[in-house]
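Read through the structure below, which is laid out as structure tokens, and then see the notes.
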Amino acid sequence: MLKQRILTALVLLPLALCGFFLLDGGWFALFIGAVVTLGGWEWARLAGLQWQWQRVAYAALVALMLFLFYLAPGVAPWLLGLAVIWWALASWLVLTYPASASHWDNVASKAVIGLLTLLPAWQGLVLLKQWPLGNWLIVMVMVLVWTADIGAYFSGRAFGRRKLAPQVSPGKSWEGVYGGLGLSLVVTLGVGIGRHLSLGELIMALLGAVLVVAASVVGDLTESMFKRRAGIKDSSQLLPGHGGAMDRIDSLTAAVPLFAVLLWAAGWGVM
């Protein structure tokens, strides 16, 4: 399993870096769109669509909506605003699971939730790419999420006692969340000092990092909740040793839209 994970990562990492740094405009949107469309194909399984043609049709719907949003960039603020509302609601659904399942445990609701999860993540990355230092903004949000994951893993293993959401993901603990958040804040502090941010800017950056990391945790737990309801461990076996595309981007689907909204509110870019 470890060998598979390493080999898959050695293939995916250069591909992802080339896509992020070398592609622009429509090609970048298409590259991210392909990943999100694969996520849509996997989400169809979580939604309860049993037949392969249904899953392909759902993925095609995701791709069509991405194309329409690309042609109508003016909808970006509305889509990202909707995402913020959705992830706030998702936090409540996760914390109250399994009782909350009565509100969404049908194919139609889960299909709509898949769109709310996937489409804004694509929109957020496309916007970040267009803004000043776009490539590094994308790297920054990913580093925030990845360092939070790494910190949570080691802190959880060493100190984990209190379960975060035992009905959703029994392996995650509050101590892991604190460790992941702490490591992310250290990274944010280092970047802020390196960029010579003022004290006020640094405080805002740290507060933003807290919100983005919290969102990433909700994104991870939300996919876990739907997988648990569907009775599956991985969203697919698309990536040997890593599960599916959704298993790799679940945290980012929540973190990226919020990251974009926070930067926009701070005057970084234009929607």
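The values are calculated or read from the model by the stated rules, or taken from the named source; none is laboratory data. This structure is a prediction, so every number in the text was calculated from the model and none was measured. All Cβ positions, glycine included, derive from the backbone under ideal geometry; neighbour counts span all protein chains shown.
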The stretch 1-74: helices (runs of 4 or more DSSP H) wholly inside it with 1 or more residues that are among the aromatic types (Phe, Trp, Tyr) and at pLDDT 90 or above are 25-47, 52-71
Scanning the stretch 102-128 for residues that are assigned to a helix (DSSP H, G or I) and at pLDDT below 95, the one surrounded by the most Cβ atoms within 10 Å (Cβ to Cβ) turns out to be His103
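Inside the stretch 219-235, can you point out the residues that are buried (at least 20 other Cβ atoms within 10 Å of the Cβ) and over 13 Å from the mean Cα position of the chain (by Cα)?
Met225, Phe226, Lys227, Ser235
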Being among the acidic types (Asp, Glu), part of a helix (DSSP H, G or I) and in contact with a Gly (Cβ under 9 Å, 6 or more places away or on another chain) narrows Asp220, Asp250 down to just Asp250
Apart from one, (1) among the aliphatic types (A, V, I, L, M); (2) more than 18 Å from Ala88 (Cβ to Cβ); (3) touching a residue at least 24 places away in the same chain (Cβ under 8 Å) all hold for Met225; the odd one out is (2)
So, first residue of a type in the set (Val, Ile, Thr) in the stretch 100-116, second residue at pLDDT below 95 and outside any helix (DSSP H, G or I), Cβ within less than 6 Å, six or more apart or across chains; the pairs are Val107/Gly48
(message) Checking the structure you have, find out if any residue of the stretch 172-195 is outside any helix (DSSP H, G or I) and closer than 30 Å to Ser102 by Cα.
(response) yes
Expected single match for crowded, with 18+ Cβ neighbours inside 10 Å and without any contact (Cβ under 8 Å) to a residue 12 or more places away in the chain among Gly176, Gly74, Gly134 is Gly134
Condition set within 30 Å of Gly269 (Cα to Cα) and among the aliphatic types (A, V, I, L, M), scope the stretch 80-101, selection surrounded by the fewest Cβ atoms within 10 Å (Cβ to Cβ): answer is Ile85
Conditions (1) surrounded by 17 or more Cβ atoms within 10 Å (Cβ to Cβ); (2) within 21 Å of the chain's Cα centre (by Cα) -> Phe67 fails only (1)
Note on Val213: of the conditions (1) within 21 Å of the chain's Cα centre (by Cα); (2) more than 30 Å from Gly74 (Cα to Cα), unmet is (2)
Across (1) in contact (Cβ under 8 Å) with a residue 60 or more places away in the chain; (2) surrounded by 24 or more Cβ atoms within 10 Å (Cβ to Cβ), Asp250 clears everything bar (1)
**OP:** With the condition kept exactly as written, say whether any residue in the stretch 225-242 is closer than 16 Å to Leu181 by Cα, modelled with pLDDT of 90 or more and in contact with a helix residue (DSSP H, G or I) (Cβ under 8 Å, 6 or more places away or on another chain).
**Re:** no
For Thr147, the lone unmet condition from (1) in contact with an Asp or Glu (Cβ under 8 Å, 6 or more places away or on another chain); (2) over 26 Å from Trp41 (Cβ atoms); (3) hydroxyl-bearing (Ser, Thr, Tyr) is (1)
